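The values are calculated or read from the model by the stated rules, or taken from the named source; none is laboratory data. Keep in mind the model is a prediction, meaning the values are calculated, not measured. Reconstructed Cβ throughout: ideal geometry from the backbone, glycine too, with neighbour counts over all protein chains shown.
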Amino acid sequence: MVSKVFSENLRLRLLMLLWGSSICVKCLAQTLDMPQSTISRHLAVLRNVGIIRSERKNKHVYYRIDISGDHATLKQDLLAVYQRQLITMDPYRSDMKALIEQSHFCGSGCVIGKKTHKGDTGEEADAHGNAKN
């Protein structure tokens, strides 16, 4: 089943975007210019094989890479190889640039590369979009 994950280009693109990040479906869909239903379907495959996990906060579901559990070392090694090989290539490089630009307008407080991006209100927010005081 793990090989099925890495054979689909869109799932690789999603994994590269999720590398070190916690991102909602809305932001991923806008970044990749695809319907949320398509993104959700591919995220479900990744979640079912245990490569990512989801967490619901308020009205958003955030996804992040999770290499714990069964075959953790294999998953970690495969992801590291793909990340090193693909991060400088298109479409992966342009996807990351688009994600960073898009995250400023998403409004959900996604965490991109460990950095929380402000929502459309302009207020600083935590990883789940809650305004910081």
Worksheet item: Somewhere in segment 1-8, is a residue over 15 Å from the mean Cα position of the chain (by Cα), among the hydroxyl-bearing types (Ser, Thr, Tyr) and surrounded by fewer than 17 Cβ atoms within 10 Å (Cβ to Cβ)?
Response: yes
Discussion item. Being on the phi < 0 side of the Ramachandran plot, modelled with pLDDT of 90 or more and more than 14 Å from the chain's Cα centre (by Cα): is that true of Ser37 here?
Written reply: yes
Discussion item. Condition check: part of a helix (DSSP H, G or I) and either out of contact with any Phe, Trp or Tyr (no Cβ under 6 Å at 6 or more places or on another chain) or not hydrophobic (A, V, I, L, M, F, W, C) (or both). Does Met96 satisfy that?
Written reply: yes
Discussion item. Can you go through Arg64, Arg41, Arg56, Arg47 and tell me which one is in contact with a helix residue (DSSP H, G or I) (Cβ under 7 Å, 6 or more places away or on another chain), surrounded by fewer than 20 Cβ atoms within 10 Å (Cβ to Cβ) and either of a type outside the set (A, V, I, L, M, F, W, C) or in contact (Cβ under 8 Å) with a residue 60 or more places away in the chain (or both)?
Written reply: Arg64
Item to complete: Would you check which residues across segment 67-77 are assigned to a helix (DSSP H, G or I) and either in contact with a Phe, Trp or Tyr (Cβ under 6 Å, 6 or more places away or on another chain) or touching a residue at least 60 places away in the same chain (Cβ under 8 Å) (or both) and list them?
Response: Leu74, Lys75
Worksheet item: Hey, any hits in segment 37-57 for a residue that's closer than 12 Å to Met16 by Cα, in a helix (DSSP H, G or I) and of a type in the set (Ser, Thr, Tyr)?
Response: no
Worksheet item: Can you tell me which residue in segment 76-133 is nearest to Leu14 (Cα to Cα), limited to those that are among the small types (Gly, Ala, Ser) and at pLDDT below 50?
Response: Ala127
Practice prompt. Consider Ala29 carefully, then state whether it is assigned to a helix (DSSP H, G or I), under 20 Å from Glu101 (Cα atoms), without any contact (Cβ under 8 Å) to a residue 40 or more places away in the chain and small (Gly, Ala, Ser).
Written response: yes
